[in-house]
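One structure is given here, and the rest of the page talks about it.
Values quoted throughout were computed directly from the atomic coordinates according to the rules given, and no laboratory measurement underlies them. Being a predicted model, the structure only gives us computed values, none of them experimental. For neighbour counting, all protein chains shown are included, and Cβ atoms are generated from backbone atoms with ideal geometry for every residue, glycine included.
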Amino acid sequence: MPRSEALRLAEERSLDLVEVAPNATPPVVKLMDFGKYQYERAKREREARKSRKEVEIKEVRLRPKTDEHDLDFKVRQARAFLESGAKVKIRMRFRGREIYNLDVAKKQFDYFVKELEDMATIEQRPSFEGRTMLMIVAPNLSHK
């Protein structure tokens, strides 16, 4: 239909003439309440943002000199974080000459893995970032 007739029809019905396919020949338009359309689209986007679950990353800090009892406490802390659905970043900080005792650090990370293997999977194996060693574990989907 001609453009002038479409505009007249939209004016009669108190609607807007919205171009749907501008590259088509002839261009395709639609009669709609554009304000209502924008409002409903924004409402859908808000609902989608609200329902989206953001993964939280909690951190447990260690040192090579961390004692066995303290390690058990840290493992319990990590378990609580995993049960709440958060990922856990296990960070070991080296100071001074401690960096030469990597076997101690490896034992502590292995201990963590052994204690958490029933409810977590290793997402990132222990790796160095400067003077810290990091490992990330994520909750098992089957554990929930």
Over the chain, calculate the relative contact order: mean separation of alpha carbon pairs under 8 Å at least 6 apart, over the residue count, as a percent. 18
If R0 = 25 Å, then A6 and E47, at their Cβ-Cβ distance, give a FRET efficiency to the nearest 0.05 of 0.15
Unsatisfied cross-links (Cα-Cα over 21 Å) in the set K53/K89; K87/K114; K65/K114; K50/K74: K50/K74
Given charges of +1 on the Cβ of Lys and Arg and -1 on the Cβ of Asp and Glu, with all other atoms neutral, how large is the dipole of the chain about its Cα centre, in debye to the nearest 20? 440
All aspartates and glutamates inside 20 Å of K58 as judged from Cα atoms, apart from same-chain residues fewer than 8 positions distant: D70, D72, E83, D110, E115, E117, D118, E123, E129
Please give the FRET efficiency for N101 paired with F128, using the beta carbon to beta carbon distance and R0 = 22 Å, rounded to the nearest 0.05. 0.95
Candidate values (1) 165; (2) 100; (3) 191, label of the one derived for volume of the Cα convex hull per residue in Å³: (3)
Based solely on its DSSP helices, what 222 nm [θ] is calculated for the chain when runs of n ≥ 4 H residues each add -39,500 (n - 2.57) and the sum is averaged over all residues, nearest 500 deg cm²/dmol? -13500 deg cm²/dmol
Can you check what the net charge comes to around G130, using other residues whose Cβ is under 14 Å from the Cβ of G130 (Lys, Arg +1; Asp, Glu -1)? +2
Most mobile listed residue (R63, R41, R125) in the chain, GNM with C-alpha springs under 10 Å: R41
Charge context of K50, other residues only, Cβ under 13 angstrom, K/R +1, D/E -1: +3
For the stretch 57-139 the mean separation of alpha carbon contacts under 8 Å (6+ apart) over residue count, i.e. relative contact order in percent, is 36
Counting Lys and Arg as +1 and Asp and Glu as -1 over every other residue whose Cβ sits under 10 Å from the Cβ of R95, the net charge comes to +4
